[in-house]
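Engineer: I'd like to ask you about the structure that follows.
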Amino acid sequence: MRGAVAVLLLCCTPAAALAPRPLDLRFDHVQIFADAVAPVETYAAVETRASQACATLQEEDERVFDSTNRDVVAQLLWALQWRVVAHCATSVVVAASQDDDASTFVITGPGGQGPAWACHERWAEAREANAGRASVGCLAFRCVGETTVDDVHASYLETHPALIKTKEEGMLEAYAYYDGDGPDFGTVLRFVEGDELPGLTWRDPDFSQSIKAKPDHWVSNVHNRQGFLKTLGDCLGYESQVEFASGVVAAGDAVIESTVAGPSDRSVFLPVNNALSDAGHVASFLDQLGNGVQHVATRVDDLLMVVRRANLIRRCCGEGLAFLAVPRSYYGDLASADVLAERARVDDAS
């Protein structure tokens, strides 16, 4: 926590009622509803330019870089050398590798005529529920083992039928949160059986320079934390992971409650936050946007290398990502804060 001492009270949140039998799910992909998406030919050209430029990086005078209003697809292609693996008229699928557990982002723009998951109506619904802004509007899970989409559907029908959005062959969509007695239309949980969303054209890109990564956790900010935890427990069999249950966290005037939900095998982590004060980032998020996905975290083999390389790409090419300046207090409990800041090329570690 920045600028204040964090007070951590460990607690054990009572487990929600389990689904009829534990559902075996894995992270699959995240869908972002963006301001716009360029044609796939544009991104293919970006991949080529980025590969050529990043193969011969040298320290130069820093290029001008404005981190606002950038194309998120191009940012991933430059900074992480990820690749577009599939596309349709208004959506592209960007992945870190061809591995089954690779971090995968589906970025959707306006104007789509189908399939349903990429249509304009779905884009507009997410935008309207998110105060007209871009958002992570869908968290998708893949059914594995003996679990099927029909199993998930049956669980929702029995416990939370009001949240069901659509059901088709091999795919179920359910609204993530409640808004009063009905669903909040901003965020959808998607459950799939196969590896492919319908309606996509697939590519076979070169991942030789890509930063391999896989999902680590997906975080929600909600008005009713216990309500969302109950939904996850009733429908998916998820419960509080005791070792990670954050309880009440205070930083200055900002006070939140946070619990990490997931299955007992810890294959999925879903932190859930709510605000207990009017101050802080969770309170501001809920006030401006309502329930929603605060952030998604991706795990890499060498975080410091990834940050260092992305900083070099930005300085040399004027493309990619910019990182927040990390104050020393963020790493207040680490003896090697200065070393971490230096290796990560953080400009201001104070």
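Engineer: If we sort 176-186, 132-142 on the protection proxy, mean other Cβ atoms within 10 Å, highest first, what's the order?
Structural biologist: Top to bottom by mean Cβ count within 10 Å: 132-142, 176-186.
Engineer: Can you give the translational diffusion coefficient of the range 95-196 in µm²/s, computed by Stokes-Einstein from the Kirkwood radius over Cα pairs at 20 °C and 1.002 mPa s?
Structural biologist: So the translational diffusion coefficient is about 147 µm²/s.
Engineer: What lysines sit close enough to Lys167 to cross-link, taking a C-alpha to C-alpha distance under 17 Å and skipping anything fewer than 8 places away on the same chain?
Structural biologist: Reachable lysines: none.
Engineer: Given a Förster distance of 22 angstrom, what is the FRET efficiency for Thr48 paired with Ala297, based on the Cβ-Cβ distance and rounded to 0.05?
Structural biologist: FRET efficiency, Thr48 to Ala297: 0.15.
Engineer: How much length is gained on full extension from Glu196 to Arg70, taking 0.36 nm per residue of separation minus their Cα-Cα distance?
Structural biologist: Taking 0.36 nm per residue and subtracting the Cα distance, the gain is 42.6 nm.
Engineer: Express in Å², to the nearest 10, the accessible area of Tyr175 obtained by rolling a 1.4 Å probe over the protein heavy atoms while all chains stay in place.
Structural biologist: Taking all protein chains as shown, Tyr175 has close to 20 Å².
Engineer: Ratio to report: Rg/Rh of the range 51-151, with Cα atoms as the point set and Rh obtained by the Kirkwood method; give two decimals.
Structural biologist: That ratio is 1.05, to two decimals.
Engineer: Give me D for the range 58-106 in µm² s⁻¹, whole number, from Stokes-Einstein with Rh from the Kirkwood sum over alpha-carbon pairs, 4 °C and 1.567 mPa s.
Structural biologist: Diffusion coefficient, whole number: 104 µm²/s.
Engineer: State the Cα centre-to-centre distance between the range 123-190 and the range 34-87 in whole Å.
Structural biologist: Each part reduced to its Cα centre gives a spacing of 31 Å.
Engineer: Using modelled backbone amide H atoms (1.01 Å from N, in-plane), which distant-in-sequence or interchain residues come within less than 5 Å of Ala176's amide H?
Structural biologist: Thr187, Val188, Leu189
Engineer: If you don't mind, there's one more thing I want to ask. Kirkwood Rh, the range 117-262, all Cα pairs: how many Å?
Structural biologist: Mean inverse Cα-Cα distance, inverted, gives 17.3 Å.
Engineer: For Leu157 and Asp204, FRET efficiency with R0 = 45 Å and r from the beta-carbon atoms, rounded to 0.05?
Structural biologist: That gives a FRET efficiency of 0.70.
Engineer: Also, quick follow-up: Over the range 121-217, with every protein chain in place, what whole percent of the accessible area is carbon and sulfur at 1.4 Å, could you tell me?
Structural biologist: Here it works out to 46 percent.
Engineer: Before I look further, what does the range 88-221 give for accessible area per residue, probe 1.4 Å, in whole square angstrom?
Structural biologist: 43
Engineer: Taking one equal scatterer on every alpha-carbon of the range 271-317, how large is log10 of I(q)/I(0) by Debye at q = 0.14, 0.18, 0.24 1/Å?
Structural biologist: Here log10 of I(q) over I(0) equals -0.59, -0.71, -0.80.
The values are calculated or read from the model by the stated rules, or taken from the named source; none is laboratory data. Just so it is clear, the structure is predicted and the values come from calculations on it, not from any experiment. FYI the Cβ positions are ideal-geometry reconstructions off the backbone, even for glycines, and counts take in every protein chain you see. Surface areas here come from the heavy atoms of the whole protein model, side chains and all, with no ligands, DNA or RNA. Shrake-Rupley method; radii C 1.70, N 1.55, O 1.52, S 1.80 Å.
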